[in-house]
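My questions will all concern the structure given below.
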Amino acid sequence: MTTSREKRWSLAGATALVTGGSKGIGRAIVEELAGFGARVHTCSRNAAELEECRRQWEEEKLAVTVSVCDVSVRAERVKLMETVRDSFDGKLDILVNNAGQLVLKAAIEWTADDYAQLMETNLESNFHLSQLAHPLLINASILGGGSIVNISSVGGIFGYPGLALYGITKGGMNQFTRSLAT
Ligand SMILES: NC(=O)c1ccc[n+]([C@@H]2O[C@H](COP(=O)([O-])OP(=O)(O)OC[C@H]3O[C@@H](n4cnc5c(N)ncnc54)[C@H](OP(=O)(O)O)[C@@H]3O)[C@@H](O)[C@H]2O)c1
């Protein structure tokens, strides 16, 4: 009987974009998807960290490509999806909207600029990258249609001190996910 995960499951031939893959949850997702045989592209804002990750993944024989992208910048999101389209021949099986920031601050202390920045990073990037990915997802070849995975938070469901705005972004993400699912 075969017990290795590669034999039980395979994503060979599948392609995935994971935002924010240089650390934390995003990095674990990149490594898991690539470990199952998917070709993965990931991004973050820190070029040096990203290159170090790429080098380690290459050593581990994981098929991961990288590019620098700040998902809070609209033009950079467009460029990221162009890179993904060109790397994966216009097809994307999995989009993981993971890049996000948790900023702990009392609601009365948020400035308009802070507000716009967190909304753009955590929520608008999610919406826009999903729009940009659509033409690639409908070309998905492996999974019978592409999938979008949004990394939300319990902060999008329950209230916590200092997390009003973070909670708005994740609550919005939850509702966007429900809407797309219909
Ligand atoms: N950790 C938790 O307990 C937890 C719980 C619930 C939900 N989440 C959610 O899970 C996701 C990942 O959290 P994490 O804890 O793994 O975070 P993390 O360790 O801080 O890693 C975040 C990753 O996203 C990248 N990133 C951040 N801002 C970015 C931007 N504007 N553009 C592109 N990349 C960006 C970071 O790289 P750079 O900083 O170099 O760009 C890094 O690779 C987030 O959406 C978070 O809200 C986390």
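Under the rule of -39500 (n - 2.57) per DSSP H run of 4 or more residues, summed and divided by the residues of the chain, what mean residue ellipticity at 222 nm is obtained, to the nearest 500 deg cm²/dmol?
My calculation for the chain gives -14000 deg cm²/dmol from helical runs alone.
Still on this model: Could you pull out every Cys in the chain that lacks a partner Cys with its beta carbon under 4.7 Å away?
Result for the chain is C53, no neighbouring Cys Cβ within the cutoff.
When Lys and Arg each count +1 and Asp and Glu each count -1, what net charge do the other residues less than 12 Å away from R77, Cβ to Cβ, add up to?
-3
Let me cross-check L180: its accessible surface, 1.4 Å probe, with only protein heavy atoms counted, in Å² to the nearest 10?
90
Cross-link candidates for K79: which lysines have Cα within less than 19 Å, leaving aside residues fewer than 8 places away along the same chain?
Partners found: K91.
After finding the eigenvalues of the alpha carbon gyration tensor for the range 5-181, what semi-axes result from the square roots of 5 times each, listed largest first in whole Å?
Equivalent ellipsoid semi-axes, largest first: 28, 17, 16 Å.
The values are calculated or read from the model by the stated rules, or taken from the named source; none is laboratory data. Keep in mind that what you see is a predicted model, and the values were worked out from it rather than measured. Don't worry about glycine lacking a Cβ; one is built from the backbone with ideal geometry, like all the others, and counts go over all protein chains shown. Note: accessible area is taken over every heavy atom of the protein model, side chains too, but ligands, DNA and RNA are not part of it. Shrake-Rupley method; radii C 1.70, N 1.55, O 1.52, S 1.80 Å.
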